[in-house]
Amino acid sequence: MANLGIEIKRKCPICGKVFIIKTLDSVYCSPKCSKVANKRKKDKEKKEALFVTYAQNVPDIREYLTARQVVAIYGVERSTLYRLAKLGKIPCINLGTRLMRFKRSELDLLFHYRRDLKEAKELPQKKLYSLEPEDCYTIGEVCEKYHINDSSVWAHVRKYSIPSRQIGNYVYVPKEEIDNLYKSEEL
């Protein structure tokens with residue numbers, strides 16, 4: 001996509017630096033930050049795959065689980081697990097140094113399985129919009145407010161699947177979506 005004719009500022013999620021975007025798809029301030037984000041994503045996927053394989057190797061009949069098995073099966077952080085055990089909310093047995101075991105039946109009542117959490121995250125949430133004229137901009141208003149031409153607005157509406165509604169000669173698009181698309185980071 002070519003350069004935009006407007007200045008939109010965003011904050012890089014990696015380094016926190018405020019930068020002027022070159023395209024609407026710009027998320028990171030530099031290729032270095034983009035590579036860091038990509039590496040973090042790959043590491044997270046690799047770690048998730050290890051947890052899944054480790055959880056599959058735990059027999060279903062085992063009543064008491066190690067902390068590592070609990071983390072792999074239920075997706076709970078280890079520090080949270082130990083904190084809840086210390087507070088007495090999770091029954092556990094301490095067999096000695098580094099030999100704490102957690103009761104599976106109690107964990108089933110408190111936590112969801114990791115695979116259930118992953119399936120719930122994958123379902124996209126349907127957005128509901130009010131396409132009434134008072135809650136929307138016309139294409140002309142968007143062009144005036146953000147100083148871009150109407151062909152660019154139409155291209156962005158199609159690219160980002162922004163809903164629109166035509167009433168007479170005017171086409172309306174939700175204010176919320178347009179403002180999110182063209183918003184600039186406040187300094």
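The values are calculated or read from the model by the stated rules, or taken from the named source; none is laboratory data. Since this is a predicted model, take the numbers as computed values, not measurements. Using ideal geometry, Cβ is built from the backbone for each residue, glycine included, and neighbour counts are taken over all protein chains shown.
Annotations
- Only listed residue being modelled with pLDDT of 90 or more and of a type in the set (Lys, Arg), chosen from Lys103, Lys22, Lys89, Lys11: Lys11
- Yes/no for Arg83 being modelled with pLDDT of 85 or more and more than 22 Å from Leu65 (Cα to Cα): no
- Residue match in the stretch 147-160 (condition: touching a Pro at 6+ places or on another chain (Cβ under 8 Å), closer than 23 Å to Glu134 by Cβ and aliphatic (A, V, I, L, M)): no
- Subset of the stretch 169-187 [touching a strand residue (DSSP E or B) at 6+ places or on another chain (Cβ under 8 Å) and either part of a helix (DSSP H, G or I) or at pLDDT 85 or above (or both)]: Tyr170, Val171, Tyr172, Val173, Pro174, Lys175, Ile178
- Residue that is surrounded by the fewest Cβ atoms within 10 Å (Cβ to Cβ) [pool: residues in the stretch 124-157 that are of a type in the set (S, T, N, Q) and within 28 Å of the chain's Cα centre (by Cα)]: Gln125
So that you can scan it fast, the table gives a plain yes or no per residue for (1) touching a strand residue (DSSP E or B) at 6+ places or on another chain (Cβ under 8 Å); (2) free of Cβ contacts under 8 Å to residues at least 40 places away in the same chain; (3) within 29 Å of Phe111 (Cβ to Cβ):
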{"residue": "Lys11", "(1), (2), (3)": "yes, no, no"}
{"residue": "Val18", "(1), (2), (3)": "yes, no, no"}
{"residue": "Ser34", "(1), (2), (3)": "no, yes, no"}
{"residue": "Ala49", "(1), (2), (3)": "no, yes, yes"}
{"residue": "Thr53", "(1), (2), (3)": "no, yes, yes"}
{"residue": "Ile61", "(1), (2), (3)": "no, yes, yes"}
{"residue": "Thr66", "(1), (2), (3)": "yes, yes, yes"}
{"residue": "Ser79", "(1), (2), (3)": "no, yes, yes"}
{"residue": "Leu87", "(1), (2), (3)": "no, yes, yes"}
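- Screening the stretch 22-134 for helices (runs of 4 or more DSSP H) wholly inside it with 1 or more residues that are closer than 28 Å to Leu181 by Cα returns the ranges 31-56, 114-122.
- Considering residues of the stretch 158-175 that are closer than 20 Å to Thr23 by Cα and either in contact with a helix residue (DSSP H, G or I) (Cβ under 8 Å, 6 or more places away or on another chain) or in the same structural domain as Glu7 (by TED's automatic domain parsing) (or both) only, the residue surrounded by the most Cβ atoms within 10 Å (Cβ to Cβ): Ile162
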